[in-house]
Every structure is written in C-alpha cells, then in structure tokens.
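The values are calculated or read from the model by the stated rules, or taken from the named source; none is laboratory data. All figures in this text were calculated on a predicted structure; none of them were measured in a lab. Positions of Cβ are backbone-derived with ideal geometry, glycine not excepted, and every protein chain shown enters the neighbour counts.
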Amino acid sequence: MKAIYKKELSSFFRSMTGYALIAFLITFTGVYFMIYNLNQGYPFFSYTLSAVMLVLLVLVPVLTMRSFAEERRSRTDQLLFTSPVKIRQVVAGKYLAMCTVYLIPNLIFCLFPLVIKSQGSAYFLSDYSSIFQFFLMGCAFISIGMFFSSLTESPIIAAVSTFAATLILYIWEYLTDYLPDGAVANLLIVLVICTILAALIFHVTKNRFLCAAFEFITAASAVTVCIVKSSLFEGLLKNVLGSLDLAKGFNNAAFNNVFDVSAVILQLTVIAVFEFLTVQSIEKRRWS
C-alpha cells in the first residue's frame, strides 16, 4: 500500500494536477476570506468555509475522476489484477494519496483564524472544528468519487456522476423537507423501497424465492406495524434520511458552535462503506 500511495501522490504533482487543485481551492478561499472576514469584518472563518463548500463540489470530481477510470480505459488495470498487492491495499493507497492532496490546503486554512485574531476577536474552537468537519466531508466526497470512478472507463462520466451525487448530499437537508409527514404516504414509500431492495437481491442472487420472501416479509411487517401503531410512520423517512445529512456536522460547528460527534461517525462510516464498495466493484471486474 505504501508503494501505491507514493506512486499516486507523486503522479499528482508530476502532472501539476495536485498543484492546480490546491491553488484552486486556496485561491477561492482567499477571495471569500478577504470579502467576509477582512472587508466585512466577520470574526468567524467558518463563514468563509461555508461559502467555499460549493467549490468543493467541483474540486472533488476533478480530483477523483481518473483514479480508476483512466486505468480501466488504458487497460493498465490488468496489472492491478495480477500484482501481489491486494485490491483493498490499492484502493486504500489511492484514496490516501487523494486525501493527502486535499489535506494540504486544509492545513493552510489553519492559518486564517490566526490572521483574524491579529485583527481583533477570533473564535478558534468554532473555526478549527469547522476546518476539521470540512476536511472530513471532503474525504467522504472523495470516497464517493473514487467509487464512481471504479464503475466506468470514462473520467468524464465519473466526474459528472460524482458531481451529481455530492450535489444531492450537499442539498440533502432541503430535499428531505419535501418528504411527506403522513403515515400512509411514508408506508407507501417504504413499500416501494422494499420492492427496489428485493429487485437488487434478485439481481445479485438470481433467486426468485429469496427475492419474493424478502419482499413479502418486509412489506407485511411494515403494513402490520403501520396498522398497530401508525404514529411510528409519521415523518419516518424525513427523520431517518435527515440523520444521514453529511453537512450537518459542518453546519453545527460553523453556525451553532457545536462539535457533533455523531456527524464524525457518519462521515467515517460513509468513507468505509464507499471504500468497501470500490473494492467490491474492482473485485467483481477482476473475476468476470
């Protein structure tokens, strides 16, 4: 894994991609820092990071789009399949290299609250918690982008898919507001989700009995619970999906001065899940 990490990290800076991405993020952050903190006098650097979040949605797809798609297109991925290095080590090495590139501007961001302090009041706890959450959320987005890159041989498709996925996660809080609150509406949505999961089980196992049994048991259980205690289904999806908001931890740190441990756990879980999915995606292609 160490060799893969060094190779990938050096490739970012040999091709100037790493320098360009770092300069891109620092430049935009510097512009917003000058507007919000220096000109308008806001003492919170977290406000600047909140504005820069949209830039992250562009940077991450560019950073991750070539991670596996380029190798698949040039057929150099066959070397991965035959090398003594395990696939999970390859994935981890590539992922850590991309996170290292992303870490560099975040370390530079740690200087900005000190500049604010030199001009007056500063709120270090809020600012450094926001920087940490900003970094973790970017790492979660990188893991998602790496997964999409493993699914295609086109870096452009990987970049567009990553942008779409991260944009949805960025506006997740607003999307969940449109979910219905009624018990019947939530039950119908749950039944649709059960059908989709059953279809996925059939796609993977090709077992009709297992698919039908899963759908019947889950659907019957949902209907029974709704009949016995319908209040459990009121606002169910809004509450469940709302807890999956990746930006919640950053918003709590930036605007509420609260360090959300549950948000850190969620972000680390997303990273682990998408790294696992990336490994499975590559392993499936390896044996097909």
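For segment 234-280, enumerate the residues that are in contact (Cβ under 8 Å) with a residue 60 or more places away in the chain, among the small types (Gly, Ala, Ser) and not in a helix (DSSP H, G or I). Selection gives Ala247 alone. Residues being of a type in the set (A, V, I, L, M) and surrounded by 19 or more Cβ atoms within 10 Å (Cβ to Cβ): count how many of those fall in segment 248-286. Total satisfying the criteria: 8. Considering Pro84, Pro61, which residue is over 17 Å from Pro113 (Cβ atoms), modelled with pLDDT of 85 or more and either among the charged types (D, E, K, R) or assigned by TED's automatic domain parsing to the domain that holds Ser281 (or both)? None of the other options fit; the residue is Pro61.
The residues of segment 1-49 that are among the hydroxyl-bearing types (Ser, Thr, Tyr) and either free of Cβ contacts under 8 Å to residues at least 24 places away in the same chain or within 30 Å of Phe68 (Cα to Cα) (or both), listed by number, are Tyr5, Ser10, Ser11, Ser15, Thr17, Tyr19, Thr27, Thr29, Tyr32, Tyr36, Tyr42. Confirm whether Ser150 is under 30 Å from Arg72 (Cα atoms) and either more than 18 Å from the chain's Cα centre (by Cα) or not charged (D, E, K, R) (or both). It is true that Ser150 is under 30 Å from Arg72 (Cα atoms) and either more than 18 Å from the chain's Cα centre (by Cα) or not charged (D, E, K, R) (or both).
Looking only at segment 210-231, residues that are more than 15 Å from Cys194 (Cα to Cα) and exposed (fewer than 13 other Cβ atoms within 10 Å of the Cβ) come to 4 in all. Here the condition is being modelled with pLDDT of 85 or more, within 16 Å of Tyr128 (Cα to Cα) and surrounded by 14 or more Cβ atoms within 10 Å (Cβ to Cβ); of Tyr36, Tyr42, Tyr32, Tyr47, it holds for Tyr47 alone. Applying the condition of being surrounded by 14 or more Cβ atoms within 10 Å (Cβ to Cβ) and modelled with pLDDT of 90 or more to segment 111-126 and asking which residue is farthest from Ile26 (Cα to Cα) yields Pro113. From Glu283, Glu215, grab the single residue that is assigned to a helix (DSSP H, G or I), of a type in the set (Asp, Glu), modelled with pLDDT under 90 and not assigned by TED's automatic domain parsing to the domain that holds Ser50. Answer to the check: Glu215. Of the residues making up segment 191-205, at least one is modelled with pLDDT of 85 or more, touching a helix residue (DSSP H, G or I) at 6+ places or on another chain (Cβ under 9 Å), buried (at least 18 other Cβ atoms within 10 Å of the Cβ) and of a type outside the set (Gly, Ala, Ser). Only helices (runs of 4 or more DSSP H) whose full extent lies in segment 100-199 are considered here, and the ones with at least 3 residues that are in contact (Cβ under 8 Å) with a residue 12 or more places away in the chain, over 30 Å from Phe68 (Cβ atoms) and out of contact with any strand residue (DSSP E or B) (no Cβ under 8 Å at 6 or more places or on another chain) are 112-119, 124-150.
Within segment 6-29, the set of residues being surrounded by 18 or more Cβ atoms within 10 Å (Cβ to Cβ) and aromatic (Phe, Trp, Tyr) comprises Phe12, Phe28.
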